Amino acid sequence: MKKRSEKNTETSPSKTSEHQSSSGRTKNQGNKPINRADFVETEKVKELTSRMKPYLQAGYPLHLTGPTGVGKTAIALHLAAQFDKPIMLLHGNHEMNNVDLIGGVSGFTSDKLIDNFVRQVYKKQTEVKEKWNPGRLVEAAQKGYTLIYDEFSRSSPETNNLFLSILEEGILPLYGTKQNQSFMKVHKDFRVIFTSNPEEYAGVFDTQDALLDRLITIEIEHDKKAEREILREKCGVLAKEADLILKITGKVRTACVDENKHGPSLRASLMIATICKKSDITISQENKKFTRVCKDILSTHLMKCTEQNNLLEAEKWFEKEIS
Ligand SMILES: Nc1ncnc2c1ncn2[C@@H]1O[C@H](COP(=O)(O)OP(=O)(O)OP(=O)(O)O)[C@@H](O)[C@H]1O
Ligand SMILES: [Mg+2]
């Protein structure tokens with residue numbers, strides 16, 4: 001008797017893999033530790049962490065919201081690291097859909113059975129099954145990871161609807177996956193931290209009230225004291241140097257706030273401090289090289305929010321304000 005069984009896995013160019021690359025998801029591979037070496041645990045961060053950790057421990061999802069560059073993602077990562085669980089990072093994206101999150105059919109598996117029992121009779125039996133590739137959310141929900149859903153409001157409400165039953169009933173619906181079960185039970189340790197930037201809602205998607213109603217929303221704002229600590233520790237600048245950088249960034253920020261707009265964030269201050277440190281540029285108002293770096297980094301912000309709408313006028317503004 002000669003019986004041969006072959007297993008063939010043919011993965012056709014699938015929609016899933018296309019979406020996986022276009023959704024801009026997960027830089028962190030789900031279970032790799034994140035290097036938090038350059039994170040500065042400021043007083044503000046400590047206060048926020050001790051306030052928010054019990055909410056997550058009690059099983060409630062958190063939502064950190066605030067203007068760009070206030071540290072929402074950095075704090076979310078820090079908070080997630082408090083739990084002894086792998087962290088999964090998901091970036092909201094208008095192209096993200098259910099297939100990205102819960103998976104979809106990504107090809108076919110065929111089992112071939114060739115039966116040559118009697119030499120003259122040849123029997124061939126092929127069974128073709130659809131191959132389901134579970135999406136990232138399935139893995140996280142099943143294994144109890146801590147999920148950071150960064151900029152969730154960039155995804156469409158239809159996609160985010162999945163979270164309604166996860167957060168309320170603890171089940172993940174498996175729409176369109178052709179699984180025997182139509183839902184999956186979510187692990188008890190599965191925690192979610194959402195982040196969003198309210199300014200981005202305009203022109204993207206309205207945040208869903210139903211989703212917001214299930215989240216504990218914490219507003220994160222610019223905090224000068226925390227920014228000073230971060231500049232000092234992360235970039236190694238002196239206190240007076242950090243103060244000078246923050247004073248200059250702060251002036252542009254104030255000019256923007258006066259126009260009801262958000263100005264440069266901590267990112268701009270970090271850029272100035274890092275460049276000066278790495279290029280041995282003395283951080284002093286009298287140093288032309290330093291003021292040049294400040295102008296280069298801050299001019300676009302200034303032009304965007306004030307009537308200094310060309311470079312020449314922006315230069316004049318800086319001459320007056322910082323020289
Ligand atoms: N406590 C901290 N320690 C070290 N770096 C920090 C800290 N908080 C924020 N940063 C740095 O400040 C910058 C802005 O932080 P982050 O990206 O978290 O802001 P965000 O609020 O998520 O901004 P966006 O809305 O643009 O996504 C990043 O470079 C981040 O690494
Ligand atoms: Mg962010």
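The values are calculated or read from the model by the stated rules, or taken from the named source; none is laboratory data. Since we're looking at a predicted model, the values are computed, not measured. Cβ sites come from the backbone with ideal geometry, for glycine too, and all protein chains shown count toward neighbours. In case anyone asks, the SASA skips ligands and DNA or RNA and just uses the protein heavy atoms, side chains included. Shrake-Rupley method; radii C 1.70, N 1.55, O 1.52, S 1.80 Å.
Overview of values
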{"item": "Inter-label distance for Lys240 and Asp296, nm, one decimal - labels placed 7 Å from Cα along Cα-to-Cβ", "result": "2.6 nm"}
{"item": "Extension gain (nm, one decimal) between His187 and Arg36, 0.36 nm per residue minus Cα-Cα", "result": "51.8 nm"}
{"item": "Chain lengthening between Gln57 and Glu169 when straightened (0.36 nm per residue, less Cα-Cα)", "result": "38.6 nm"}
{"item": "Contour minus Cα-Cα distance for Ala210 and Asn260 (0.36 nm per residue)", "result": "15.1 nm"}
{"item": "Exposure rank, largest accessible area first [Lys123, Lys53; 1.4 Å]", "result": "Lys123, Lys53"}
{"item": "Rounded percent of accessible protein surface that carbon and sulfur make up, region 227-323, 1.4 Å probe", "result": "51 percent"}
{"item": "Probe 1.4 Å, all protein chains present, accessible-area order of Arg228, Arg191, largest first", "result": "Arg228, Arg191"}
{"item": "Spin-label proximity, Lys143 to region 155-185 - amide N less than 19 Å from point 7 Å beyond Cα toward beta carbon", "result": "172, 184-185"}
{"item": "Restraint check, Lys44/Lys247; Lys288/Lys320; Lys224/Lys320; Lys46/Lys224, Cα-Cα greater than 18 Å", "result": "Lys44/Lys247; Lys224/Lys320"}
{"item": "1.4 Å probe accessible area per residue over region 184-282, in Å²", "result": "54 Å²"}
{"item": "Accessible-area value, Asp280, 1.4 Å probe, nucleic acids and ligands omitted, Å²", "result": "140 Å²"}
{"item": "Förster radius 22 Å - calculated FRET efficiency between Glu313 and Lys278 (Cβ-Cβ, nearest 0.05)", "result": "0.15"}
{"item": "Solvent-accessible area of Cys235 with every protein chain in place, 1.4 Å probe, in Å² to the nearest 10", "result": "20 Å²"}
{"item": "Per-residue SASA entry for Leu312, accessible area with 1.4 Å probe, Å² rounded to 10", "result": "120 Å²"}
{"item": "Mean Cβ count within 10 Å, highest first, over the residues of peptides 215-224, 174-183, 132-141, 155-164", "result": "132-141, 155-164, 215-224, 174-183"}
